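Visitor: This structure is in structure tokens; I'll ask about it shortly.
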Amino acid sequence: MKKICMALVLGVGLFVNSAFAGISVVPILVGFKPGDLPRKDITVTNLGKKTAYVKVTPYMLINPGTKKSKEVLERDPSKSGIMVSPNKLIIPANGKRVVRIMLTKPYGDKDRFYTINVSPVEGKLVPTKDEDGKSKDSMSIHIVISYGVLVTVRPKNMHANVKITRKDKEITATNTGNTNALLLHGKQCIKDKCEELPTKRLFAGATWTFTAPKAAPVKFRSKVASETKEVVSN
């Protein structure tokens with residue numbers, strides 16, 4: 001997941017530095033489940049032609065997938081349950097560095113979520129334009145493209161209990177389990193004609209309601225970690 005942060009920078013004669021091409025981060029989805037080693041790695045690559053200075057910051061993700069979702073910075077790993085090393089990188093042009101993500105708390109009774117913010121310290125400068133479309137030398141926008149790595153820590157004895165019900169075209173999916181499930185490969189078929197349905201991550205305790213194309217049963221594949229099963233509505 002890319003994040004774009006902008007700040008106004010005053011100056012004269014500022015131009016785009018073509019040598020700056022940013023960074024890439026893989027993977028951007030990291031999952032831990034009981035039985036896994038308590039550490040996993042991500043790779044940060046400098047795509048530019050000059051040295052990149054990068055900071056790596058872990059955040060606790062509270063109430064994901066809801067309007068109350070927020071990132072909380074907890075600097076004590078014993079309280080947050082996660083740490084990264086190193087948290088500051090100096091990457092030469094076209095170089096790579098590995099960042100290790102480590103769990104510092106045992107698996108709990110429900111999912112834990114984190115975002116690892118991977119952000120260059122400097123970005124490129126792009127000249128701004130006035131209302132007539134002409135470039136202005138007095139001010140530029142400092143653009144920093146950062147990455148957010150989503151980390152999911154599954155609970156011990158994890159189980160997702162997904163049920164799908166239908167009333168005419170209205171479809172309601174609920175997850176009364178203790179871990180999130182990814183609903184994918186959704187279809188609504190009438191005879192030999194099938195309509196594809198959207199993919200949705202259904203967090204524990206969450207409900208998802210949407211309108212299907214037709215008043216007919218739907219089916220999804222419910223994926224939890226590496227296991228999948230079919231879920232069908234009435």
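The numbers here are math on the coordinates, done by the rules we state, and not lab data. All values derive from a computational prediction rather than experimental measurement. Neighbour counts run over all protein chains shown; Cβ positions are idealised from the backbone, glycine included.
Visitor: Can you tell me the FRET efficiency between Leu73 and Glu196 if r is taken as the Cβ-Cβ distance and R0 is 25 Å, rounded to the nearest 0.05? Can you show the working numbers first?
Guide: Working: r = 39 Å, r/R0 = 1.56.
The formula returns an efficiency of 0.05 here.
Visitor: R0 = 30 Å: FRET efficiency of Asp41 with Lys156, Cβ-based, nearest 0.05? Provide the component values of the computation, followed by the final result.
Guide: Numbers: r = 24 Å, r/R0 = 0.78.
FRET efficiency, Asp41 to Lys156: 0.80.
Visitor: At a 10 angstrom cut-off on C-beta neighbours, averaged per residue, how do the peptides 55-65, 71-81, 157-167 rank from highest to lowest?
Guide: On the way: 55-65: 17.3, 71-81: 12.5, 157-167: 15.7.
Per-residue Cβ counts within 10 Å, averaged per peptide and sorted highest first, yield 55-65, 157-167, 71-81.
Visitor: Using Cα centres only, tell me the gap between the stretch 70-118 and the stretch 177-219 in whole Å.
Guide: Value for the Cα centre distance between the two parts: 32 Å.
Visitor: What is the extension gain from Lys88 to Ile28, computed as 0.36 nm multiplied by their sequence separation minus the C-alpha to C-alpha distance, in nm to one decimal?
Guide: Working: separation 60, 0.36 × 60 = 21.60 nm, distance 1.81 nm.
Working it through step by step, the gained length comes to 19.8 nm.
Visitor: Which of Lys49/Lys200; Lys40/Lys156; Lys70/Lys214; Lys55/Lys223; Lys70/Lys156; Lys156/Lys191 have a Cα-Cα distance over 30 Å? List each step's numbers first, then the result.
Guide: Numbers: Lys49/Lys200 39 Å; Lys40/Lys156 18 Å; Lys70/Lys214 36 Å; Lys55/Lys223 33 Å; Lys70/Lys156 24 Å; Lys156/Lys191 42 Å.
In this structure, Lys49/Lys200; Lys70/Lys214; Lys55/Lys223; Lys156/Lys191 lie more than 30 Å apart at Cα.
Visitor: Okay, moving on. Using the alpha carbons of the stretch 162-232, what is the convex hull volume per residue in cubic angstrom, as a whole number? Don't jump to the answer; show the numbers that get you there.
Guide: Numbers: hull volume 5.3 nm³, N = 71.
Per-residue hull volume (Cα only) is 74 Å³.
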